[in-house]
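Visitor: I have a structure I would like to understand better, so I am pasting it below and will then ask my questions one at a time.
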Amino acid sequence: MKIVYLGTDAFLACFLWLIQEHDIMALYTCCGDEDFFRNFQIVSEAKKRGIPVYDHTITTEEEQVWIAKGCELFVSADYGRKIPLLPESQGFYGINIHESLLPEGRSYCPVECAMERGLSRTGVTIHKLSEEFDCGDILLQEEVEIYEEEDSVDLYLKCERMACLLLRRLLAEMTGYWSQAMPQKQRLPYWRIEHIKEARLSHDLSVTEARRRYRLYNRMVRVRFGEKIFFVKSMVSSRTKLSYEECDLGDIRLYSLRDGHLRLGLIAASDPAVWEAKSYPFRKSGREA
């Protein structure tokens, strides 16, 4: 099958399997400073195989060109932008891979939202692309458990593995699943991160509080050093207290807490306004999530 893929490293396993079993015509990708799963590996894999890579939002005109060249399916998997829809009568077929059990968990960031809500399970849904985010007819769906010792990255990886299994099932019997897709009868409330202000570090936090924030929000966690704002890309915590508030060691910074310290790997935020952000996503973006 000829496929145009839209996504990031969050579902890398799906992309790698599609490369082996199908014909990937193009990759459309995007990512933000705060994304744990970016697009480094997926872009590298595409370029190694001569697959064209685009970092702008796919347009209706481009979709028509790909369809004219034989594209049979558009696969969206953690693509950060709105995908224009064409009628199936024009040869447009599109699916989205979403990390929740729709209709529960319509969201830009369903993994973090599920963990913030203290759920014991979530899942993966593959659905038809629709005009309204996360509202397309359901093709396949499977539950994924959430354990207390796991962080949000663990849950992303579990969803990735489940998504790859579901995608294999779907494409093995595409016609049957497509014709039997189940409409979503409910429009449950859209999930948003309820406590995005908590995704920040401060010296008055305890080690336990800092660990919890990083467990839930991973790279969304922000920290201020002087006038500069950073996203935390790695964190090691310790109960050993520092004699100072902060220390720059080059690639690692030490950051004091009430009862210990953190060793932080950081990436500078492109927009310092993210420090005061009251909602997520930090940037304006359309997304089929």
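The values are calculated or read from the model by the stated rules, or taken from the named source; none is laboratory data. These numbers come from a predicted model, not from an experiment. Every residue, glycine among them, receives a Cβ derived from its backbone with ideal geometry; neighbour counts consider all protein chains shown.
Visitor: Being in a strand (DSSP E or B) and small (Gly, Ala, Ser) is the filter here, so list the residues in region 229-271 that pass it. Give the derivation first.
Guide: Of region 229-271, the ones in a strand (DSSP E or B) are 229-238, 246-248, 253-257, 260-268.
Once the filter is applied, which keeps residues that are in a strand (DSSP E or B) and small (Gly, Ala, Ser), region 229-271 yields Ser234, Ser237, Ser238, Ser256, Gly260, Gly265, Ala268.
Visitor: Could you tell me which residue of region 13-28 is nearest to Leu171 (Cα to Cα), considering only residues that are assigned to a strand (DSSP E or B) and either not assigned by TED's automatic domain parsing to the domain that holds Lys82 or not aliphatic (A, V, I, L, M) (or both)?
Guide: Our first condition is that a residue be assigned to a strand (DSSP E or B); within region 13-28, this holds for 23-28.
Among the residues that remain, those that are also either not assigned by TED's automatic domain parsing to the domain that holds Lys82 or not aliphatic (A, V, I, L, M) (or both) are: 23, 28.
On the way: Asp23: 13, Tyr28: 20 Å.
Here the answer is Asp23.
Visitor: Moving on to the next point. Filter region 27-66 down to the residues that are in contact with a helix residue (DSSP H, G or I) (Cβ under 7 Å, 6 or more places away or on another chain) and more than 30 Å from Leu216 (Cα to Cα) and list them by number. Break it down stepwise before answering.
Guide: The initial filter retains those residues of region 27-66 that are in contact with a helix residue (DSSP H, G or I) (Cβ under 7 Å, 6 or more places away or on another chain), namely 27, 29, 34-42, 45, 49, 53.
If the condition is that a residue be in contact with a helix residue (DSSP H, G or I) (Cβ under 7 Å, 6 or more places away or on another chain) and more than 30 Å from Leu216 (Cα to Cα), then Arg49, Val53 are the ones that fit.
Visitor: Moving on. In region 210-228, what residues are farther than 13 Å from Arg253 by Cβ, in contact (Cβ under 8 Å) with a residue 24 or more places away in the chain and not in a helix (DSSP H, G or I)? It would help to see each step written out before you state the result.
Guide: Taking region 210-228 first, the residues farther than 13 Å from Arg253 by Cβ are 210-222, 227.
Imposing the further condition that a residue be in contact (Cβ under 8 Å) with a residue 24 or more places away in the chain reduces the set to 210-211, 214-220, 222, 227.
Within region 210-228, Arg222, Glu227 qualify.
Visitor: Here are the criteria: (1) over 22 Å from Val111 (Cα atoms); (2) surrounded by fewer than 18 Cβ atoms within 10 Å (Cβ to Cβ); (3) within 25 Å of the chain's Cα centre (by Cα); (4) touching a residue at least 12 places away in the same chain (Cβ under 8 Å). Tell me which single one Trp275 does not satisfy.
Guide: Tallying (1) over 22 Å from Val111 (Cα atoms); (2) surrounded by fewer than 18 Cβ atoms within 10 Å (Cβ to Cβ); (3) within 25 Å of the chain's Cα centre (by Cα); (4) touching a residue at least 12 places away in the same chain (Cβ under 8 Å), Trp275 fails exactly one: (1).
Visitor: Okay, next question. Quick one: count up the residues across region 103-149 that are in a strand (DSSP E or B), closer than 23 Å to Cys31 by Cβ and small (Gly, Ala, Ser).
Guide: Looking only at that region, the number is 1.
Visitor: Could you run through region 38-72 and say how many residues are in contact (Cβ under 8 Å) with a residue 60 or more places away in the chain and either touching a Leu at 6+ places or on another chain (Cβ under 8 Å) or in a helix (DSSP H, G or I) (or both)?
Guide: The number of residues fulfilling the criteria is 1.
Visitor: Report, ordered by the first and then the second residue, all pairs with beta carbons closer than 6 Å, sequence separation of six or more or different chains, a first member in region 9-32 that is of a type in the set (Asp, Glu) and at pLDDT 95 or above, and a second member that is assigned to a helix (DSSP H, G or I) and surrounded by 20 or more Cβ atoms within 10 Å (Cβ to Cβ).
Guide: Between residues of region 9-32 that are of a type in the set (Asp, Glu) and at pLDDT 95 or above and residues that are assigned to a helix (DSSP H, G or I) and surrounded by 20 or more Cβ atoms within 10 Å (Cβ to Cβ), the close pairs are Asp9/Ile42.
Visitor: Within region 1-23, how many residues are touching a Leu at 6+ places or on another chain (Cβ under 6 Å) and within 16 Å of Val65 (Cβ to Cβ)?
Guide: Count: 2.
Visitor: Take the residues of region 212-232 that are in contact with a strand residue (DSSP E or B) (Cβ under 7 Å, 6 or more places away or on another chain) and within 18 Å of Leu257 (Cβ to Cβ): which is surrounded by the fewest Cβ atoms within 10 Å (Cβ to Cβ)?
Guide: Phe225
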